[in-house]
Amino acid sequence: PGLPDLLTRMPQLLNTLSLQGIRNWTAYGLRHYSDHPDRQRDYFSLQSADSRAILQRERHGTLFADHERQLDLYMKALWQDKEHFVPYSSAFDELRKPVPYYDALGIRVPDVYDDHNGISGINRYRALLAHVAAHKRWTTPQIADNYSPFQRIAIEFFEDSRVEHLAMQVYPGLREIFLALHPVPKEEDCHPEKESCIRHRLAMFSRAILDPDHGYKNPDLLEFVDQFNTLIAQDEHSTKDVAALAISYIARTRRQADLAANIYFTDTEVDYRDDNRHMWRFIEEGDEEEMFEEERRPESDEEIEGLPPRHYPEWDYKSKTFRPNWVSLYESLHPGGDAAHIDELLARHSALAKRLKQIMDLLKPQQTVRVRYQEEGSELDLDVAIRSLIDFKAGSNPDPRINMSHRTDGRDIAVTLLIDLSESINQTPEGCNQTILELSQEAVALLGWSIETLGDEFAIAGFSSNTRHEVRYQHIKGFGEHWDDEVKGRLAAIKAGYSTRMGAALRHSGHYLSARKADKKLLLVLTDGEPSDIDEPDEKALIQDARKAVQELDQEGIYTYCINLDPHADDYVADIFGNQFTVIDRVERLPEKLPQLFMSLTR
């Protein structure tokens, strides 16, 4: 059923993918949607999100994602610019081709660049970023209402040439790249009797400024090229100066056909240049602002809730490839409740807490290390103080670092406890008078109190899922928070529901853990069953994805350990966590076992 759509899209696919890429993209759609005609048609017509994601994965060229760090360092080191990058795709916009630009949210850049005219993809990115950085450094915004649309176009071309000239003065190697990427419009190509040639004239001017051997013969063009070169040879010149010159050029070269609807575009678009929206300030509201996609303020009855989703891949064990951006994860701060409830649970286990306290006293770092040469410290460093006094008496500059302090030397651990909050933990195990949720609250309360006593970095989060489009990740305690009433209130308010899509939650926990600077990073997973979700009929699929996530975390230096409350966990838990798990058959002992297990793992 998807064949007509595939054939319709084939020209676009041939321009975007290699033959092997087309084969992989097609095979993915056939493998996953052979039994779903409607979804197959959506896939091959590029209407579905996964279709576009697989297309992006298979694209040839220099991918921005692979070089983002390198380009970020390029901007910081050479241009002292720390703007964020916001990649966009040009593979799907057929009516209006997106172009680079920058605004308050960052610099928009293409997600992929092919080599072009002998210039590599990475150098095309460098040309684009150098041009944008030059605008940010040397362009002064102008009042757009003072100029006509044609005048604004001319000013943009002239200002582009001016800032590129300044950039090439600082980094002469840019000239070779700019020359190779700038189109070469031919003087006789545009016919002013039939079409508007304003862009053609401006593109020739831009090329003539960049290339002294341009070969153009139009006297007006040559005159204004000379005037422009004279202007930029001066020590002081500005956006306002080239704006005046651009207006004169438009007035001198104006033709009646410039107003024609048929505008000549061939060889006039310089793809490494941005759209210059940053150059203009509008005083009167009009249609011009709409094209700049300025941020729309929400109406009074609109409500903005939560953070935008984070997208994570999911492992397809059959094809041994990732489904890119397959899972949407929504994170939020868990709402609060009554902290007194957690205090009651801790009081109920006071005897256990007393035993745990004895163990924790043994685990606490006892050894201290002296830190010398401090300007401020807890006590005077006598040896350094005497040397400083001798230097002072001798007329030399004394060392002001005459104090010292002490720090404990031992544990350096960051821990995240990830709690499965799926519907199944509302069940009451046989022989118990409490639900798994209530037992989990008691266990986590004891664990939180224990880790706070030890002084380790510690975070708690819960997760559940309602298909791949809605994985919920709720923060209960952050690394920077203490075990206080606010955190206890969130733990007291936890509720269970939905399913257990574990892989994305593991990856998201790892995202936060990897940012910690601790020597040892531990991810504890408390669950009562195997990974599953209502939109995944294959029982092995989410198990294998969770296994892959654990392997990824292991490569990042994060040790993952599972505490499983399912008596049948032996059938699957080793497939996910290897030998890094414990199965607690008697769930009622969870409050006792969880803190003890943590201490044994972190001795």
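The values are calculated or read from the model by the stated rules, or taken from the named source; none is laboratory data. Predicted, not measured: the structure shown is a model, and the values here were computed from it. A quick note on method: Cβ atoms are made from the backbone with ideal geometry, for glycine too, and the neighbour counts reach across all protein chains shown.
Table for the structure above
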{"quantity": "Some residue of segment 140-162 being among the acidic types (Asp, Glu), under 31 Å from the mean Cα position of the chain (by Cα) and under 23 Å from residue 210 (Cα atoms)", "calculated": "yes"}
{"quantity": "Single condition residue 529 does not satisfy, out of (1) closer than 20 Å to residue 462 by Cα; (2) modelled with pLDDT of 95 or more", "calculated": "(2)"}
{"quantity": "Test result for residue 526, buried (at least 24 other Cβ atoms within 10 Å of the Cβ), assigned by TED's automatic domain parsing to the domain that holds residue 584 and closer than 24 Å to residue 316 by Cα", "calculated": "no"}
{"quantity": "Cβ pairs under 7 Å, 6+ apart, first in segment 113-127 and farther than 14 Å from residue 66 by Cα and among the β-branched types (Val, Ile, Thr), second at pLDDT 90 or above and surrounded by fewer than 17 Cβ atoms within 10 Å (Cβ to Cβ)", "calculated": "119/180"}
{"quantity": "Tally, over segment 222-278, of residues that are surrounded by 17 or more Cβ atoms within 10 Å (Cβ to Cβ) and in a loop (DSSP other than H, G, I, E, B)", "calculated": "10"}
{"quantity": "Considering residues of segment 400-422 that are among the charged types (D, E, K, R) and at pLDDT 90 or above only, the residue farthest from residue 457 (Cα to Cα)", "calculated": "401"}
{"quantity": "Residues that are of a type outside the set (A, V, I, L, M, F, W, C) and either within 15 Å of residue 208 (Cβ to Cβ) or out of contact with any helix residue (DSSP H, G or I) (no Cβ under 7 Å at 6 or more places or on another chain) (or both), drawn from segment 223-251", "calculated": "223, 226, 227, 229, 230, 234, 235, 236, 238, 240, 248, 249"}
{"quantity": "Scope segment 190-221; condition surrounded by fewer than 13 Cβ atoms within 10 Å (Cβ to Cβ), more than 16 Å from residue 245 (Cα to Cα) and charged (D, E, K, R); matching residues", "calculated": "193, 194, 213, 217"}
{"quantity": "Test: residue in segment 34-48 that is touching a residue at least 12 places away in the same chain (Cβ under 8 Å), under 21 Å from residue 312 (Cα atoms) and of a type in the set (D, E, K, R)", "calculated": "no"}
{"quantity": "Odd one out for residue 159 among (1) more than 28 Å from residue 70 (Cβ to Cβ); (2) not in a helix (DSSP H, G or I)", "calculated": "(2)"}
{"quantity": "Lone qualifier among 26, 16 - being outside the structural domain of residue 168 (by TED's automatic domain parsing), among the hydroxyl-bearing types (Ser, Thr, Tyr) and within 28 Å of residue 273 (Cβ to Cβ)", "calculated": "16"}
{"quantity": "Per-region count, segment 456-488, residues acidic (Asp, Glu) and either within 22 Å of residue 425 (Cα to Cα) or crowded, with 21+ Cβ neighbours inside 10 Å (or both)", "calculated": "1"}
{"quantity": "Residue pairs meeting the criteria (Cβ under 7 Å; at least 6 apart or on separate chains; first touching a residue at least 12 places away in the same chain (Cβ under 8 Å) and at negative phi, in segment 432-454; second aromatic (Phe, Trp, Tyr) and surrounded by fewer than 22 Cβ atoms within 10 Å (Cβ to Cβ))", "calculated": "448/483; 449/483; 452/483"}
{"quantity": "Criterion: among the small types (Gly, Ala, Ser), closer than 14 Å to residue 264 by Cα and not in a loop (DSSP other than H, G, I, E, B) - qualifying residue of 203, 180", "calculated": "203"}
{"quantity": "Count of segment 191-210 residues which are touching a residue at least 40 places away in the same chain (Cβ under 8 Å) and closer than 18 Å to residue 249 by Cα", "calculated": "13"}
